[in-house]
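Notes follow the structure.
Just so you know, all these numbers are worked out from the coordinates, no wet-lab data involved. Quick caveat, the model's predicted, so the values are computed rather than measured. Every residue, glycine as well, gets a Cβ built from its backbone with ideal geometry; the counts of neighbours run over all protein chains shown.
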């Protein structure tokens, strides 16, 4: 037996005791979050004075960060550890919006734990403005001008030819300038294709001879409009030339119908649902505008240069116009309702505000029309000289207001109606994640930052049905420094596991993990990187 | 004596729970073809809540499972068929305990306890591999901690968030 010294024995005993101590300490847990103030998903009225994170044991923080509504991350370095709670002082002057409190702490055994919770001050962040500021204003200005010219050519030009043929057929000709308007509009419609192509491709005003731009312009639904519209203009020109013959009359009608059809073929209003009502509504709206507005210039001309014809025309006009206006208002009202889903959108969206301006101008116009109809028309019929001049002047003012309305309506080319906004916003993101134990069909609606609904349909590896016990969504964004946020999903009647009230605070690439608990003892994790739009 | 001391210290050090955060097995190595005392260390509850139920799933190749009763806990042994017939000291066994449940107790989050099973590791298990016992802790309000992830090929238990307690299998100990 070896010779034992007391020192060696003592040394061995001390080492053994030390190891025992380590064992005792090692039996401690890693920390888990027991409470958060403000609570996950809460909406608080005022900025909180402290943010607190409570854990199951004392921790020391590695990372404490607050992601602000604009996407910037602020490091939180003012905190106090009181027993098992970290009390953090948030940055001063927090505005309203959705914040992410993201944390990474280390428990006493050295095991790091991380997570994120969300809270909102005031109200959850609304969608940031769409990144449309890159639009080229010279192209936009040109598109708008072309559109106004088109409207003038269609309503005053084609409508004018129609009125000249049907309401005030005169041996002395008709208002000059109608043909000119039609010709200019014809050219403008050709130019519109090119401008539309520039807008579609996002190019500045470049060479007109670039075929790619023309092709892009034709490829849009506007392409149909610019095929029919010039045809309508040509017919109107011919009708204008033939003046007062039966052929001219039928041609003018055809031109009018074609013009209305051209407008119904493209644009926001025509594509609204239900289309079988929307397109005819646009068609009727356009036709009645043309009939009404088109009559203004021929009537004014006739009243000055051929009073007998003028008076007869005025009579016919007065009888016809209530019907036309009634249809116009009905069709226009219907379109306004289906485009602007809720009255609040009238003030909050650009489309709504344009509509309000147009309605304001229309009220003014109708007022003037009323004056014409009930005050000025009768004296003209009775042959009073001054009355004619007054009526002509009134018609001139009407014309001006109408052109202003065209200018306002042309801006709709650039504002998507609330209906279309709602559709764009609700575009979901769908993806399929596969592993050898399970797979998931996942949908995030909408695929943009803010309040989303995550939904997953879980299947076995070979499309066999799977009935998991629990499904949890976990979202994290390492780039933005957001630790994993967990949301438990609930099984709906349609077999989809849905996690509502989930807020993805920032745009960017997020790591989405779906934890599928197949049985009490089997867990499958499916992971994918998804792209969340702003 | 020094050699014995060092071996004891080494055994203790090896036996120490190195995965401090999780439910683990105290004895991390065991030879196949002999009985093994599986000591499940439960260091904490579920997110601060106390543990009320501890469930252990018996993996394939482990037979003759005898749980140690615990004061204040109800013991349940769930039997089922084994995948094949095993030889237990000459007696063929093809069914036995597949799951053990200790329930009705309350182990607070800041308390520690051990749940013990005595099992036989059959020779059909491969020495050199790690045998995993999935453990589920159930707490009030449906909360649960599930130590049920088994590392895939090329993965180590350290990569997993919820690793199952494992024991490294050794060659059959000579002469018993």
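Quick rundown of the values:
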item: Rg/Rg_globular for the protein assembly as shown, with Rg_globular taken as 2.2 N^0.38 Å and Rg from C-alpha atoms; result: 1.52
item: Cα gyration tensor shape of the stretch A:202-346, rounded if a/c is under 1.5, else prolate or oblate by comparing a/b with b/c; result: oblate
item: Cut-off 14 Å (backbone N to label point 7 Å along Cα→Cβ of residue A:304), residues of the stretch A:151-193; result: A:174-178
item: Stretchable slack from residue A:441 to residue A:393, in nm (0.36 nm times residue separation minus alpha-carbon distance); result: 10.5 nm
item: Virtual spin-label span in nm between residue A:320 and residue A:337, 7 Å along Cα→Cβ; result: 2.9
item: Number of partner chain Cβ atoms within 10 Å, mean per residue of B:110-121; result: 1
item: Antiparallel content of DSSP bridges confined to the protein assembly as shown, in %, to 5; result: 95
item: Shape category assigned to the stretch B:41-100 from the gyration tensor of Cα positions, a/c cut at 1.5; result: prolate
item: Residue-averaged beta-carbon neighbours from other chains (10 angstrom radius) around B:138-147; result: 2
item: Residue-averaged beta-carbon neighbours from other chains (10 angstrom radius) around B:41-47; result: 4
item: Chain B - mean residue ellipticity at 222 nm from DSSP helices (-39,500 (n - 2.57) per run, n ≥ 4, rounded to 500); result: -2500 deg cm²/dmol
item: FRET efficiency, 1/(1 + (r/R0)^6) with R0 35 Å, evaluated for residue A:431 and residue A:234 via beta carbons; result: 0.10
item: Normalised contact order of the stretch B:64-105, rounded percent, pairs of Cα under 8 Å and 6 or more residues apart; result: 49
item: Prolate/oblate/rounded label for chain B (Cα gyration tensor, a/c 1.5); result: oblate
item: Amide N proximity, the stretch A:477-497 versus residue A:509 label position 7 Å along Cα-to-Cβ, cut-off under 19 Å; result: A:477-485
item: Helix-only CD estimate at 222 nm, as mean residue ellipticity for chain A, using -39500 (n - 2.57) per DSSP H run (n ≥ 4); result: -15500 deg cm²/dmol
item: Relative contact order (percent, whole number), the stretch B:124-176, Cα cutoff 8 Å, 6+ residue spacing; result: 44
item: Chain B, relative contact order [Cα under 8 Å, separation at least 6], %; result: 31
item: Fully extended contour minus Cα-Cα distance, from residue A:46 to residue A:180, at 0.36 nm per residue; result: 41.9 nm
item: Segment residue A:467-residue A:519, extension gain: residue separation times 0.36 nm, minus the distance between their alpha carbons; result: 17.8 nm
item: The stretch A:410-534 - Debye-derived log10 I(q)/I(0), Cα point model, q = 0.09, 0.16, 0.22 Å⁻¹; result: -0.29, -0.77, -1.27
